[in-house]
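Here's the structure we're looking at; comments come further down.
The values are calculated or read from the model by the stated rules, or taken from the named source; none is laboratory data. Quick caveat, the model's predicted, so the values are computed rather than measured. Don't worry about glycine lacking a Cβ; one is built from the backbone with ideal geometry, like all the others, and counts go over all protein chains shown. Note: areas computed on protein heavy atoms with side chains; ligands, DNA, RNA excluded. Shrake-Rupley method; radii C 1.70, N 1.55, O 1.52, S 1.80 Å.
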Amino acid sequence: MAIYIDPPTWPGHGRLWSHLVSDVSFEELHAFAAGIGAPRRAFERDHYDLPAERYADAVRAGAVEIGSKELVRRLTAAGLRRPKHRPH
């Protein structure tokens with residue numbers, strides 16, 4: 001299906017960040033992230049955190065740009081959402 005990315009609007013560590021997710025599987029997400037050179041340590045529960053300077057790389061590789069609320073909606077609909085309060 002698809003890999004999605006939201007705009008780099010999330011602050012942290014002096015940078016802005018995007019979230020990269022799959023609506024199919026974590027395996028698809030890990031493969032895509034590896035293909036654009038995102039380190040596995042950037043994976044957090046159900047998404048990859050990508051710094052703003054890597055946003056264009058993800059889009060060029062095929063990530064679909066969507067808003068943050070839509071990203072969460074699609075992740076939840078796919079059954080892949082892992083909120084902080086819920087164990088892996």
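Brief remarks follow.
- All conditions in (1) out of contact with any helix residue (DSSP H, G or I) (no Cβ under 8 Å at 6 or more places or on another chain); (2) surrounded by 13 or more Cβ atoms within 10 Å (Cβ to Cβ) hold for ILE36, with the sole exception of (1).
- Among residues of the stretch 60-72 that are surrounded by fewer than 17 Cβ atoms within 10 Å (Cβ to Cβ), those with a beta-carbon under 8 Å from a residue that is in a helix (DSSP H, G or I) and at pLDDT 95 or above at least six positions away or on a different chain give the pairs ALA61/PHE32; ALA61/GLY35; GLY62/PHE32; GLU65/VAL59.
- Condition check for LEU75: surrounded by 15 or more Cβ atoms within 10 Å (Cβ to Cβ), at pLDDT below 95 and part of a loop (DSSP other than H, G, I, E, B): no
- Selection count, the stretch 27-45, where residues are in a loop (DSSP other than H, G, I, E, B) and at pLDDT below 95: 1
- Every pair of residues 6+ apart whose Cβ atoms lie under 9 Å, when the first sits in the stretch 12-37 and is farther than 18 Å from GLU70 by Cα while the second is basic (Lys, Arg) and open to solvent by 70 Å² or more (accessible area, probe 1.4 Å): HIS30/ARG40; ALA33/ARG40; ALA34/ARG40; ILE36/ARG60
- Criterion applied to ALA63, ALA78, ALA58 was being of a type in the set (Gly, Ala, Ser) and over 11 Å from the mean Cα position of the chain (by Cα), and the one residue passing it is ALA78.
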